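Some notes on the structure that comes next.
The values are calculated or read from the model by the stated rules, or taken from the named source; none is laboratory data. Just so it is clear, the structure is predicted and the values come from calculations on it, not from any experiment. Backbone-built Cβ (ideal geometry, glycine too); neighbour counts: all protein chains shown.
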Amino acid sequence: MKPVSRAILSLMLALAPLSAGAQDSSQGGDSVVTVADDDPDMTAAIAQARASLDEFLALSQTPPPGTDRFKLKVMITDGNETEHFWVIPFQRIETGFAGILANEPQAVHNVVAGQYIEFNRDYISDWGYTRNGHQVGSFTVCVMFKSMSKEEVDYMRSQRGFDC
């Protein structure tokens, strides 16, 4: 992966199997946030997600009662642009992972929402699921709160179960 000056991260929490397109997150749809490639909080969030990925994957194989909506976020590069997408559902395959892109691209043009993709763990930037209505993981989304309006953050906390 070559470094880029910025990355686009999807905020979508993927409560539906597939986003119909980019929508205002206050309506429960997709929203994107542009983040500097060297943003220390985002770098830390991605590192936290990657460090706990094995635990998440084990849990996703045999989900305990009260858990659902397991998802991975992967980065896709097209030229000098990098965008991070939720993949829902996902599965393990012999070469790594595969799943369906749940977001409409904003910056890259080599994928489309709803596309089946294969990827390895080097491209995973986040993971998440819900447990009894509360978000677990989704570390990058919590970082994006600092770039969102108070109304959007309040919505994400009250309607999507974020505690961060």
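Okay, here's what the table says:
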{"read-out": "Tabulated pairs, the stretch 153-164, first touching a residue at least 40 places away in the same chain (Cβ under 8 Å), second in a helix (DSSP H, G or I), C-beta under 8 angstrom, 6+ apart or interchain", "value": "155/25; 155/26; 156/25; 156/141; 156/145"}
{"read-out": "Residue satisfying all of: in the stretch 111-164; charged (D, E, K, R) and assigned to a strand (DSSP E or B); farthest from residue 45 (Cα to Cα) among these", "value": "118"}
{"read-out": "Residues within the stretch 102-124 that are out of contact with any Pro (no Cβ under 8 Å at 6 or more places or on another chain), modelled with pLDDT of 95 or more and among the small types (Gly, Ala, Ser), tallied", "value": "1"}
{"read-out": "Condition met for residue 34 (of a type in the set (Ser, Thr, Tyr), outside any helix (DSSP H, G or I) and closer than 17 Å to residue 85 by Cα)", "value": "yes"}
{"read-out": "Selected residue (criterion: surrounded by the fewest Cβ atoms within 10 Å (Cβ to Cβ)) from residues of the stretch 102-119 that are within 26 Å of residue 54 (Cα to Cα) and in contact (Cβ under 8 Å) with a residue 24 or more places away in the chain", "value": "118"}
{"read-out": "Inter-residue pairs, beta-carbon under 6 Å, first farther than 10 Å from residue 143 by Cβ and modelled with pLDDT under 85 and in the stretch 32-43, second assigned to a strand (DSSP E or B) and of a type in the set (Gly, Ala, Ser), 6+ apart", "value": "32/10; 37/7"}
{"read-out": "Residue list for the stretch 69-82, filter: charged (D, E, K, R) and either part of a loop (DSSP other than H, G, I, E, B) or crowded, with 22+ Cβ neighbours inside 10 Å (or both)", "value": "71, 73"}
{"read-out": "Total residues in the stretch 86-101, condition surrounded by 17 or more Cβ atoms within 10 Å (Cβ to Cβ) and in contact with a Pro (Cβ under 9 Å, 6 or more places away or on another chain)", "value": "3"}
